[in-house]
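This report refers to the structure that appears directly beneath it.
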Ligand SMILES: Nc1ncnc2c1ncn2[C@@H]1O[C@H](COP(=O)(O)OP(=O)(O)OP(=O)(O)O)[C@@H](O)[C@H]1O
Ligand SMILES: [Mg+2]
């Protein structure tokens, strides 16, 4: 049986929302509509508009309501400004494919050296067929961009490096533990709907009060990003599990 992949962010988000334990970690997410955009901008001031099944951060747009008649949106490095909601929404609608786009409450990501970062949590089936969080790594955005993806100029970096100025060593290790636990809960919940999953990569945003938010779950997570960690045992384990469930062939010696 092939490893299960689920492309739709909408489907995965709804699956997670069925867990009462997880709902508090999920930023409000809706299908695109102009009215929904207006309501969510009024409520949150900043939202992300993104394709339901996008990858690499492409097509992801950050939309802001700065003041009553001052709106902006940014895709890539280009920011556009507008003096009315209608003008902004009209332009935005020209830019996207509305039927396949979602709107998500925007989280103000923590910053390091004035660049935003988020956290990737890798969760895999281990040799006992149990879910295990095998890797955690931070992703620092390109300074001019609104996404943190490696393919969009983001830089992978250890979570310790990114957060050591903000949390003490013991707080950091507690946070590590907390994210690992969250990772396993997410995997178990998704597996109840998608039984052939073997691996997931969770994009976690951390806000200024250190609350983790689940931005999305990837079912074809990039294992190689973990080669950037100084601790080589992390990637070795990730790779070993990938071989176990058949994503990679065992190396011949
Ligand atoms: N609601 C949000 N609040 C803040 N930042 C966000 C939000 N949604 C997305 N981002 C930023 O944009 C990046 C890309 O978004 P997302 O992961 O949802 O799509 P994707 O990367 O295209 O999908 P994939 O990870 O499958 O390649 C995130 O890693 C994060 O840095
Ligand atoms: Mg992503």
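Taking residue 222, is it modelled with pLDDT of 95 or more, more than 18 Å from residue 16 (Cβ to Cβ) and within 14 Å of the chain's Cα centre (by Cα)? The answer is yes for residue 222. The residue that is surrounded by the most Cβ atoms within 10 Å (Cβ to Cβ), among those in the range 159-177 that are in a loop (DSSP other than H, G, I, E, B) and touching a helix residue (DSSP H, G or I) at 6+ places or on another chain (Cβ under 8 Å), is 167.
Under the condition of being within 16 Å of residue 180 (Cβ to Cβ) and assigned to a loop (DSSP other than H, G, I, E, B), the residues counted in the range 195-217 number 1. Every condition in (1) in contact with a strand residue (DSSP E or B) (Cβ under 6 Å, 6 or more places away or on another chain); (2) modelled with pLDDT of 95 or more holds for residue 194 except the one numbered (1).
Taken together, the residues in the range 50-76 that are more than 14 Å from ligand 1 (Cβ to nearest atom) and either surrounded by fewer than 18 Cβ atoms within 10 Å (Cβ to Cβ) or within 30 Å of residue 222 (Cα to Cα) (or both) amount to 6. A single member of 82, 117 is away from ligand 2 (no atom under 16 Å from the Cβ), touching a helix residue (DSSP H, G or I) at 6+ places or on another chain (Cβ under 6 Å) and under 30 Å from residue 32 (Cα atoms), and it is 82. Restricting attention to the range 28-42, the residues that are surrounded by fewer than 19 Cβ atoms within 10 Å (Cβ to Cβ) and within 13 Å of ligand 1 (Cβ to nearest atom) add up to 2.
Among the candidates 23, 36, the residue that is more than 21 Å from residue 209 (Cβ to Cβ) and away from ligand 2 (no atom under 16 Å from the Cβ) is uniquely 36. Residues in the range 1-27 that are assigned to a helix (DSSP H, G or I) and within 11 Å of ligand 1 (Cβ to nearest atom): 9, 12, 13. Can you find a residue in the range 218-231 that is in a strand (DSSP E or B) and either surrounded by fewer than 13 Cβ atoms within 10 Å (Cβ to Cβ) or assigned by TED's automatic domain parsing to the domain that holds residue 129 (or both)? Scanning the range 218-231 turns up at least one residue that is in a strand (DSSP E or B) and either surrounded by fewer than 13 Cβ atoms within 10 Å (Cβ to Cβ) or assigned by TED's automatic domain parsing to the domain that holds residue 129 (or both). Looking at the structure I just gave you, is residue 35 modelled with pLDDT under 95 and over 22 Å from residue 220 (Cα atoms)? Considered against the rule, which asks whether it is modelled with pLDDT under 95 and over 22 Å from residue 220 (Cα atoms), residue 35 comes out as no.
The values are calculated or read from the model by the stated rules, or taken from the named source; none is laboratory data. Owing to the predicted nature of the structure, the values given are computational and were not obtained by experimental measurement. Counting neighbours? That spans all protein chains shown, and the Cβs are built from the backbone with ideal geometry, glycine included.
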